[in-house]
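These notes concern the structure reproduced below.
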Ligand SMILES: [Zn+2]
């Protein structure tokens, strides 16, 4: 299979190395929102290569959600001519609804930045930290 686009692979929450294994255990369990298998079931890529690996994803999450929330507030005020208080209420609801989406997406984005695609990952299947 040919290499998939980096952003599409991130959005599909697939293993960055083989682009086939799922990053998160299905079905979604609200008590364990970032429930990931220890290794990729397809290529054995470790999903937490070192302790605290996902601290970096917090900064990505912060940046991505800040711009997203700014866009929501801007749309409410400029396009829909809402008051600031009403816009904040809309933002609060949207923030609650997208919380788990951004939580998982920032982890997916982080590991997709840190781990390169390997077209032969499935063949040798040996564990690789990075
Ligand atoms: Zn994999």
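What order do you get for 13, 26 when you list them from fewest to most C-beta neighbours inside 10 Å?
Result, fewest neighbours first: 26, 13.
Would you please give the FRET efficiency between residue 29 and residue 81, computed as 1/(1 + (r/R0)^6) with r the Cβ-Cβ distance and R0 = 41 Å, to the nearest 0.05?
Using R0 = 41 Å, I get an efficiency of 0.50.
Considering only 87, 108, 61, give the residue with the highest GNM mean-square fluctuation for the chain, with springs between Cα atoms whenever their separation is below 10 Å.
Looking only at 87, 108, 61, the biggest GNM fluctuation is shown by 87.
Any idea what the relative contact order of segment 19-130 is, in percent, if you count C-alpha pairs under 8 Å spaced at least 6 apart?
Relative contact order here is 37 percent.
Given 10 °C and 1.306 mPa s, compute D for segment 6-124 with the Stokes-Einstein relation, Rh being the Kirkwood radius over Cα pairs; round to the nearest whole µm²/s.
101 µm²/s
Describe numerically, in nm with one decimal, the distance between label points set 7 Å from Cα along Cα→Cβ at residue 64 and at residue 117.
Simple spin-label model gives 1.8 nm for this pair.
Sorted from fewest to most neighbouring beta carbons within 10 Å, what does the list 105, 82, 58 look like?
Placing the least packed residue first, the sequence is 58, 82, 105.
Hey, in the GNM for the chain with a 10 angstrom Cα cutoff, which one of 24, 102, 53 fluctuates hardest?
53
Could you give the angle, 0 to 90 degrees to the nearest 10, between helix 84-114's Cα long axis and the longest principal axis of the Cα atoms of the chain?
That helix lies at roughly 10 degrees to the long axis.
For residue 95 and residue 8 in the same chain, what is the full-extension length gain: residue separation times 0.36 nm, less their Cα-Cα distance, in nm?
Result for the pair: 29.0 nm of gain on full extension.
Under the rule of -39500 (n - 2.57) per DSSP H run of 4 or more residues, summed and divided by the residues of the chain, what mean residue ellipticity at 222 nm is obtained, to the nearest 500 deg cm²/dmol?
Rounded to the nearest 500, it is -15500 deg cm²/dmol.
Which order, highest average first, do 110-120, 88-98 follow once you tally other Cβ atoms within 10 Å for each residue and take the mean per peptide?
110-120, 88-98
Got a sec? How would 12, 17 order by Cβ neighbour count within 10 Å, fewest to most?
Starting with the residue having the fewest Cβ neighbours, the order is 12, 17.
How far is helix 55-74 tilted, in degrees, relative to the longest principal axis of the Cα atoms in the chain, given as a value from 0 to 90 rounded to the nearest 10?
That works out to roughly 30 degrees.
Where a number appears in this text, it was derived from the coordinates with a stated rule and is not lab data. In this text the structure is predicted, and so the values were computed from the model without any measurement. So basically every Cβ, Gly included, is an ideal-geometry build from the backbone, and we count neighbours across all protein chains shown.
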